[in-house]
Amino acid sequence: MTIKLQLLHVTHQYPPAIGGSEKYIADLSEELVKRGHHVDVFTSRSCDYNTWQSELPHFEERNGVKVYRFNSMQRRNYVWQILHFGLRNYWRTRSWRYEPFVFFGGGPISPSMFYAILKHGKKYDVIHLNCLVYGHVTYGQLAASWLNVPSVITPHAHITQEETFNIGYQQKTMRAADYVIADTEAERDVLLESGLNAWQVSVVGVGLKLDNFQPQSKNVSMLQARQQFNLPQNAFVILFLGRKAEYKGLNTVLEAYSTVKSQHSQAVMLAVGPDTDYSNQLMAQYNHVPDIHTFGKVSHTDKLAALQACDCLVLPSKGEAFGIVYLEAWLMEKAVIGSRVPAVASLINEGQDGLLIEYGNSYDLATCINYLIANPEQAHQMGKHGRRKVLQRYTMENTTDRLEGIYLRVLRHRQQGKH
């Protein structure tokens, strides 16, 4: 590609903040810079969307990407109450009167970011807005419309959670954009059903940097990784990897593990990811179950070690827009188990590269784990099939190729006077 673009990426959080949508926009920005494009990022100073506390530096350059961070209003308890009030009454009445409460309660509320987009937005060829559930996409799209700058939105809609895409102002925001990018075919179908035009929505998906994921790498073998987490070398390690929030299904994993452990003494559970008040209370209920190893927020290197250490990844979440962690496990040649929700079911080919359960069904999950324990060769083949699929469809190079095409299409349509 010879055309070099000036791009503005607007997102709620950016690394070192942890999360799938944060990783998506960071990896994408860095790959675009490698290809010669100029990418600026406008984001909050937060590492935690629960509070939006401003703690990161106002500016830094990360791997060629210029990251500008802005203060936002902190989400205190009363702000959460406003959000819950708005959601409760919006779903009851579908009245626009409650939409401002949802917008205000969701955050990040950052007047300085909005002003910066208005002030500097005209110099960019495209403004790309990431993660619709948060308010920056709405005021970012408003600024783009005022400036008449082409805009692209990646909603990362959790299609089983309507509050992530189906509030009235969220729908208006997407309709105002030049293009909307879905992570999966299932997400695209839901967005079209909600009223978007077919020409306006494409599936791009998520891509991974292959250099970071080498199975049985020379640097960290499975044995070394297990030593790092104090895991027995001959164990069957069940990994939960992600933020320990309620919707991720940690309670289902713990209940299933307690059943599996009573049948297979070699089973061990490793839970890695940022802790929450919910997870702390939940873990206390299972402190009688042996061999549960839990770690909080870890580095990318330690996350790779956890994936290397496990026999299977178990993430029976109901709220995934895509589920990038399944790709990460596959690149390490691990079998995965997810919930039979649309986004995940469209990603995992059941029986070939992973297994699916009904959300919240710990009996189903225990049965699947027992199957993998009893059939190690099938589990190994699932991991190999998963890696092959990622290499064919979900590399950062493939994803960026598709996105570059969308950027150029949007610019061409604008130049031709089309929307």
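Just so it is clear, none of the values below were taken in a lab; they were calculated from the coordinates. Being a predicted model, the structure only gives us computed values, none of them experimental. As a convention, Cβ positions derive from the backbone with ideal geometry for all residues, glycine included, and neighbour counts pool all protein chains shown.
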Legend entry - Theoretical FRET efficiency, 1/(1+(r/R0)^6), r = Cβ-Cβ of Leu192 and His288, R0 41 Å, to 0.05: 0.25
Inset, instruction - Neighbouring Cβ atoms within 10 Å as the yardstick, rank Leu118, Leu147 fewest first. - result: Leu118, Leu147
Legend entry - Gain in span if fully extended, Tyr247 to Thr2, counting 0.36 nm per residue against the direct Cα distance: 83.8 nm
Inset, instruction - Find out how many positive minus negative residues lie around Asp353, taking Lys and Arg as positive, Asp and Glu as negative, among other residues whose Cβ is under 9 Å from that of Asp353. - result: +3
Inset, instruction - Can you put Ser110, Ser299 in order of Cβ neighbours within 10 angstrom, beginning with the fewest? - result: Ser299, Ser110
Inset, instruction - Could you check the simple spin-label distance between Lys119 and Asn370, using points 7 Å along Cα→Cβ, in nm with one decimal? - result: 6.3 nm
Inset, instruction - Give the Debye-formula value of log10 I(q)/I(0) at each listed q (0.07, 0.08, 0.14 Å⁻¹), with one equal scatterer per alpha carbon of the chain, two decimals each. - result: -0.33, -0.44, -1.32
Inset, instruction - Find how much the distance from Glu397 to Val203 grows on full extension, using 0.36 nm per residue of separation minus their present alpha carbon separation; answer in nm with one decimal. - result: 68.3 nm
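Can you classify the range 259-379 as rounded, prolate or oblate using the Cα gyration tensor, where a ≥ b ≥ c are the square roots of its eigenvalues, rounded means a/c under 1.5, and otherwise it's prolate if a/b beats b/c and oblate if not?
Rounded, because the longest to shortest axis ratio a/c is under 1.5.
Add -39500 (n - 2.57) for each DSSP H run of 4 or more in the chain, then divide by its residues: what number comes out at 222 nm, to the nearest 500 deg cm²/dmol?
Values: 16 runs with 183 residues, N = 419.
Calculated mean residue ellipticity at 222 nm is -13500 deg cm²/dmol.
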Legend entry - Per-residue Cβ neighbour rank within 10 angstrom, fewest leading, Val336, Val390: Val390, Val336
Legend entry - Estimated inter-spin distance, Glu60 and Gln352, nm [label 7 Å along Cα→Cβ]: 4.1 nm
